[in-house]
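Structure first, commentary second.
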Amino acid sequence: MTTAPEVVVLDHGSGNVRSVVRALEAAGARVQLTADREAALAADGLVVPGVGAYAATMEQVLAVGGDRIVERRLAGGLPVLGICVGLQIMFAAGTEHGVRSKGLDQWPGEVTRLEAEIVPHMGWNTVESPEGSVLFDGVAEERFYFVHSYAARSWELDSIGPMTPPLVTWAEHGGDRFVAAVENGALTATQFHPEKSGAAGARLLRNWLAALPRRGAGDEGTAP
C-alpha cells in the first residue's frame with residue numbers, strides 16, 4: 001500500500017490557499033498549511049501559492065523565510081510547485097506599474113504586463129505542452145483556468161551540459177504568448193490555477209504528486 005505523499009503549502013498570507021489545500025487533499029496528498037521551516041523542508045513536496053501583486057507576494061514570502069526554504073529544498077533536489085504568482089516570483093524580477101521588484105531568481109527573465117487588448121486574462125484557455133511532459137500527461141489537450149494581468153513572456157534559461165533541459169509550456173491570450181508552466185528538475189510551476197481547473201487540474205496535481213520521491217521518516221530536510 002503506497003503511503004500518501006506529505007505536502008506543505010507555504011502559508012505566507014496569500015489568498016485562496018484553502019482551495020489549494022483541498023485540491024491537493026482530493027488528489028491524494030496529506031497536506032499541512034504552514035510556514036514552519038522544519039515542516040517545509042521535511043515534506044515530500046512544497047507548494048508556493050500566490051495571488052495578486054508580484055511585489056506584495058515577494059514581501060510575504062520573504063517575511064516567512066520562504067526564499068531560504070525554496071533555495072534549500074531545490075539545492076537538495078526536493079520538489080517545489082509554484083502556482084500563479086508563485087510561478088512568477090521564481091523569475092529574477094517582476095515589473096508592475098513601473099516598479100521593478102526582485103524575485104527569487106531561480107530562472108532568469110522578468111515578469112511584465114500582458115500585451116493584449118483585454119487584460120486581465122481571466123478564464124479557461126488551452127496550453128501548448130512539450131513532448132515528454134510529466135505534468136500534462138493525459139491533459140495536454142485540456143483547458144485550464146487563468147486569472148492574471150502579468151506573465152513571463154519569454155524564456156531565457158538554456159540547458160547546461162548533460163542536465164535535462166527545462167520543459168516549458170506556453171499559452172496565448174490576445175495574441176500575446178506567455179509561459180503557462182515550467183518543469184525544471186525539482187522546480188515546477190504553473191501560471192494557471194490547477195485547483196480551479198476542474199478535472200484537468202485535479203489530474204495535473206495527481207501527476208505532480210505521483211512524481212514526488214517518497215522520503216523516509218529518518219530523512220532530514222533541515223539545514224544546520
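What to note about this one:
- In terms of its alpha-carbon gyration tensor, the range 65-181 comes out oblate; a/c meets the 1.5 threshold, while b/c is at least as large as a/b.
- Dipole axis of the range 77-221 (+1 Lys, Arg; -1 Asp, Glu on Cβ), positive-most option in Ser133, Ala199, Phe178: Ala199
- The long axis of helix 198-210 is offset from the longest Cα principal axis of the chain by roughly 40 degrees.
- Acute angle (nearest 10 degrees) that the helix 54-63 long axis makes with the longest principal axis of the chain, alpha-carbon atoms: 20
- For the range 161-206, the alpha-carbon coordinates run over 37, 31, 11 Å along the three principal axes, in decreasing order.
- Lys, Arg +1 and Asp, Glu -1 on Cβ, resulting dipole of the chain about Cα centre, debye, nearest 20: 440
- Cα pair count fraction exceeding 19 Å, expressed as % - the range 106-168: 49
- Centroid-to-centroid separation of the range 164-206 and the range 92-121 [C-alpha atoms, Å]: 17
- Projecting the Cα atoms of Ala151, Leu33, Phe91 onto the dipole axis of the chain, where Lys and Arg carry +1 and Asp and Glu carry -1 at the beta carbon, places Leu33 farthest toward the positive end.
- Accessible surface of the range 1-153, 1.4 Å probe: 48 percent of it comes from carbon and sulfur atoms.
- Relative contact order for the chain: 21 percent, from Cα pairs under 8 Å spaced at least 6 residues apart, divided by residue count.
- DSSP beta bridges fully contained in the chain are about 60 percent antiparallel.
- Directionally averaged projected area (convex hull, Cα atoms, the range 133-215), nm²: 6.5
- Annotation: per residue accessible area for the chain equals 46 Å², rounded to a whole number [probe 1.4 Å, protein chains only].
- Projected area averaged over orientations for the chain, convex hull of C-alpha atoms, nm²: 12.3
- Where only alpha carbons of the range 1-119 are counted, the Rg and the Dmax (Å): 14.8, 53
- Here the Karplus curve 6.51 cos²θ - 1.76 cosθ + 1.60, taken at θ = phi - 60°, turns the phi angles of the range 66-83 into couplings of x, 4, 6, 5, 4, 4, 5, 4, 5, 4, x, x, 9, x, 10, 10, x, 10 Hz, with x standing for Gly and Pro.
- Convex hull of the range 1-53 built on C-alpha atoms - directionally averaged projected area, nm²: 3.7
- Table column - 3J(HN,Hα) (Hz), the range 113-128, Karplus curve with 6.51, -1.76, 1.60, x for Gly and Pro: 5, 4, 9, 9, 5, 10, 9, x, 7, 9, x, 8, 8, 7, 10, 10
The values are calculated or read from the model by the stated rules, or taken from the named source; none is laboratory data. These figures come from a predicted structure and were not determined experimentally. Virtual Cβ from ideal backbone geometry, glycine too; neighbours counted across all protein chains shown. In case anyone asks, the SASA skips ligands and DNA or RNA and just uses the protein heavy atoms, side chains included. Shrake-Rupley method; radii C 1.70, N 1.55, O 1.52, S 1.80 Å.
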